[in-house]
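S.K.: Sharing a structure with you now.
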Amino acid sequence: MPSLVRAQDGTARTTSTDRSALSAPSNGAARLETAHHLLLSEADPRVHLFLRTAHRWALVAFEGAGKTEAADRLAAGTYVGSVIVSLAAEGELDTADVKVAVETLAEVRGEPLDAARFDLHRTICSSPVLHELPPLVASEIQLRFLLQLGIATEASLWRQDGGNIEPLLTLGNGAGSRRARATAKAALRRGSTLSLLGPRTLRAGLVRRFRTPVAAVVARVLEPVGRADAYLAATGAALSTIFERELLLERSTEREQMLVRSSEQRLMRVGFDLHDGPIQDVLALGAEITLMRDQVYPFILDSHRERAAGRFDDMLARVTELDRHLRELSRSLESRSIVTRPLGEILHREADSFAERTGITTRLEIRGDPEAITSAQRIAVYRAIQESLSNIREHSGASNVDIRIRMRRSAIEVRVTDDGHGFEVGRALARAAQRGRLGIVGIGERVRMLGGTFELDSAPGGPTVLTFALPRVAPDERLSFL
């Protein structure tokens with residue numbers, strides 16, 4: 001597992017004396033650069049990408065804070081906190097990583113471990129990265145962090161549902177005990193923490209939703225309890241943001257579903273209209289061409305009959321191909337199977353069908369579980385890939401297409417790349433809009449309607465890369481908080 005602690009392969013770890021010998025670039029951010037060099041020197045190479053990404057963001061913080069000594073201290077805290085958040089979001093954080101992070105932050109800033117520990121905890125609680133994760137995942141990370149920091153030996157999150165108190169999360173032996181339940185219930189009833197006798201005590205931190213207590217974090221903490229109360233208060237405040245966000249999401253769920261149903265009903269109507277209108281007209285046109293061929297054939301000179309027959313056959317073949325395309329389009333506009341059938345199966349079928357029709361080599365890679373997403377997200381992913389392939393077929397001249405889908409803990413990421421001749425994005429979109437061809441624009445709007453991001457990158461000569469991401473919010477996770 002990627003870690004801030006290099007695997008025990010015989011490599012000697014950097015000692016305190018060695019650390020002081022490390023030199024940092026002369027940009028004024030001495031503490032930040034020292035922390036970066038220390039972690040780079042000791043971390044598993046697979047963590048280096050996280051370290052460099054956090055370093056870039058910390059430099060921005062250093063610049064924004066005025067490039068002073070105080071800014072350097074702030075940037076070092078931002079850097080270490082960003083690294084820990086990134087590891088936690090990927091499910092790769094363990095107690096050893098947290099220990100290294102706290103020690104590094106304390107050393108480069110010349111402060112006690114307790115101060116570095118609480119500042120790191122505060123940074124984690126306020127991180128927007130965790131707030132973008134599914135609620136249960138973000139909540140578990142924040143509770144587990146109390147254990148990894150050595151503040152608590154067990155932690156749990158309890159929700160108030162009417163007169164009942166139910167556990168949402170339990171970490172550690174005894175976290176779901178009757179005493180933990182009683183502690184949560186008493187804290188919610190009194191609006192304050194509750195202490196039980198013993199060398200280790202149970203403490204509670206309230207979680208509010210728009211000032212109303214709705215849940216409680218209960219932890220069996222180590223002495224001193226006053227310090228632990230500060231940690232629980234910060235954790236409760238961070239979870240309050242999640243509960244408030246979930247309430248807003250719940251209120252928008254009905255509207256989202258209504259919008260999705262409306263748009264999909266319109267697409268289904270178009271599909272039915274295609275079947276009952278243009279498809280039938282094409283069939284009638286084919287019959288008319290056949291009749292005309294039979295009627296005029298006797299009057300054609302013998303020397304021209306073969307050529308005329310060939311022309312009629314060409315027209316009938318084009319009509320047959322048009323009928324096939326219209327029927328495929330009509331079937332593709334039906335969305336019920338997108339919701340009810342496995343998304344991975346549908347996407348592989350779409351990719352295989354595209355490759356068979358066009359002769360373009362098509363590769364599809366799906367990492368993670370594509371089923372644990374909402375119906376609106378399933379439809380958005382399918383429609384976006386479908387429209388991308390349609391544009392590639394009509395305009396790109398490509399011979400290879402790569403579709404990569406990654407189901408991360410925080411987002412659903414989709415990337416479609418083709419090796420076609422490319423185009424100037426701005427000019428092409430403007431021309432498409434003038435002609436009323438808004439397929440790519442429609443993808444972007446559908447993605448943004450679901451809170452996602454969309455980007456199209458291309459240039460003459462290619463390649464063309466379409467990427468979009470949707471926030472990962474599973475239906476069961478949302479409902480569990482309500």
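S.K.: What number comes out for accessible area per residue over region 366-426 if the probe is 1.4 Å? Units Å², please.
M.R.: 40 Å²
S.K.: Also, I was wondering about something else. How much length, in nm to one decimal, is gained on full extension between Leu322 and Arg427, taken as 0.36 nm per residue of separation minus their Cα-Cα distance?
M.R.: Gain on stretching Leu322 to Arg427: 34.8 nm.
S.K.: Under the 0.36 nm per residue contour assumption, what length would be gained going from the current alpha-carbon distance of His131 and Ala230 to full extension?
M.R.: 33.6 nm
S.K.: Describe numerically, in nm with one decimal, the distance between label points set 7 Å from Cα along Cα→Cβ at Glu345 and at Gln295.
M.R.: 4.9 nm
The values are calculated or read from the model by the stated rules, or taken from the named source; none is laboratory data. Model, not experiment: these values are computed from the prediction. With ideal geometry, Cβ positions are generated from the backbone for all residues, glycine too; neighbour counts draw on all protein chains shown. Note: areas computed on protein heavy atoms with side chains; ligands, DNA, RNA excluded. Shrake-Rupley method; radii C 1.70, N 1.55, O 1.52, S 1.80 Å.
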